Amino acid sequence: MDPANGPIVSMLNEIADILEITGSDRFRPIAYRRAARTVEALPRPVHDYIREGSISELPGVGEAISQKISEYASTGRLEYLEKLRSGIPPGLLELLNLQEVGPKTVGRLYLELKITSLDELQKACEEHRVSKLKGFGDKTEERILQSIAFYRGSSKRFLLSEGDEVAAEMIRHLSGQAHRIMAAGSLRRRRETIGDLDIIVASDTPESVMDRFVTYPGISIVYSRGETKSSILLKSGLQVDLRVVEDRSYGAALLYFTGSKDHNVELRNRAIDRGLKLNEYSLSTRDGEKDVAGESEEQVYSALGLQFIEPELREARGEIDAASAGRLPHLVEEGDIRGDMHCHTNWTDGSSPIEAMIEAAEARNYSYIGISDHSRSSRVARGLSEEKMERQIERIEKINASGKYDITVLCGSEVDILPDGKLDYRDELLSRLDYVIGSVHSRFNMDSGQMTERLLTAMSDEHLTILGHPTGRELGRREAYSFSTDSVFEEARSKGILLEINGSPERLDLNDQLVMEARRHGCAFVLSTDSHHFTQLSNMKYAVAMARRGWLEAADVANACSEPPVARRAGRIGVRGQ
């Protein structure tokens, strides 16, 4: 599906839902769902068909529905839908998120029990009023209660790092029963947060895998247990789905359940164009008589005439066209990274001494490590006064002179960008540092114009090397502040200032979409961890994940070079096009 068509598909399906809830003529909901499927399958934005005057000629989209699509596409609202919404309590539509509960069931619950919200439905089930409805019963009531618990738990988003931890534990738990096993879904694509977790297993004994799966520690609900598919809800609120397939289908299943949905749609359409059929079991001839590929993802992509597409790229953002033309990027890998430039120690709000950070960096075979404790205005982080900063410079100089370590230790600072855009230390002190990270740590609520001016003022300072966590967001806690990305990214490119991709699991800033945007501007990047303990140097994998999702190669990344980016202009060393 073209991403631009998503809101229109949702609009059409919502109309169908409301019509079905209110007991409208049964053919009208069917018509809207058919139109939604047509729009979902379009290879181009709906706006193109409206502009060409061909929207009403699409299958299932007659004159009446095409007028509604045109109204919504041009204004972002639909009077007809707003009228439908006003005729029902708003909480009814949330009930459609429950498994086992469809529009007709919602309509009955509303008409017969006056239920208008999730809380009211839960209470009615607990009081056994739902089971007394004709055609329901105790088991239906129990399943609805499970669905409510499931929805309330799985609607929460989990950090990528949290998903990694559960996936690793789950794979260890099941590995004895599996030939092959891997986490799929948004976790494998390295999305910044995940809603659930998919595990794909190849095994000759699916029953033993299922037995093992439903005994996993920390289960809140075993939602379903089948021969090849089971679902559980963990006490943490994370839903985990397990699917067991034969070896010959493992690659097709892994591909299908990795997604994204839009990527899969494009692959299926490509298969159809070649007289083939692609599903979660195999790539086969259209009649299903002969399998062409399926044991590995590589087989499937190759049979479709494509380069192998890394999971991080599977978002229907041009990767299939690039793979068809042999133009996919050689994505940066964690092994390409030669040093970490953003590390805090116990001199400020970190908990490890400088030496522990150095030793951890050496263990990762880095060529250099940058110490970048906070500047004086970060009082919560116990930022260094200018006097203490000078002592840290001297301390790091002595460490390098001692010959104790093979690695080069750089002395930088994460310097606050003050509300007026000035940096937090005097020029004389800034000039003594190997590099300067400029970051916003206050006054996040500035309007876009003010914040843009603040950042541009900071970037005009000749000492600034890196713009740290450029949007200031914290996942699940604080939204990104607003600024003109065009202005800031263009300034970064022209001044040779590196944009940070911060690998702290709570930040992942820049995100993948902004990385792609900055890359189009010709910017260069630095990948870092913002570590506050030596163990957190391993979070480099999350910075790398965002870089890969943003289509970056090693040549785009300054700290993929053996020489450290120790000055603003030096940040250009080894970076593509500079």
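The values are calculated or read from the model by the stated rules, or taken from the named source; none is laboratory data. Since we're looking at a predicted model, the values are computed, not measured. As a convention, Cβ positions derive from the backbone with ideal geometry for all residues, glycine included, and neighbour counts pool all protein chains shown.
Just a few scattered comments:
- Restricting E57, E94 to those that are acidic (D, E), at pLDDT below 90 and more than 35 Å from the chain's Cα centre (by Cα) reduces the list to E57.
- Flag if V240 is among the aliphatic types (A, V, I, L, M) and in a strand (DSSP E or B): yes
- Whenever a residue of segment 491-508 is outside any loop (DSSP other than H, G, I, E, B), its partners that are among the aromatic types (F, W, Y), lying with C-beta atoms within less than 8 angstrom and at least six residues away or across chains, give the pairs L498/F525; L499/F489; L499/F525; E500/F525; I501/F525.
- With respect to the conditions (1) closer than 25 Å to I148 by Cα; (2) at pLDDT 95 or above; (3) under 22 Å from the mean Cα position of the chain (by Cα); (4) not polar (S, T, N, Q), L267 falls short on a single one, namely (1).
- Subset tally (residues that are outside any strand (DSSP E or B), in contact with a helix residue (DSSP H, G or I) (Cβ under 6 Å, 6 or more places away or on another chain) and under 16 Å from M357 (Cβ atoms)) for segment 389-440: 2
- Screening the candidates S74, S56 for the property of being part of a helix (DSSP H, G or I), among the polar types (S, T, N, Q), loosely packed, with under 12 Cβ neighbours inside 10 Å and assigned by TED's automatic domain parsing to the domain that holds R108 yields one hit, S74.
- Options D486, D530, D512; residue that is at pLDDT 95 or above, crowded, with 24+ Cβ neighbours inside 10 Å and in contact with a His (Cβ under 9 Å, 6 or more places away or on another chain): D530
- Residue that is surrounded by the most Cβ atoms within 10 Å (Cβ to Cβ) [pool: residues in segment 1-27 that are assigned to a helix (DSSP H, G or I) and at pLDDT below 85]: N5
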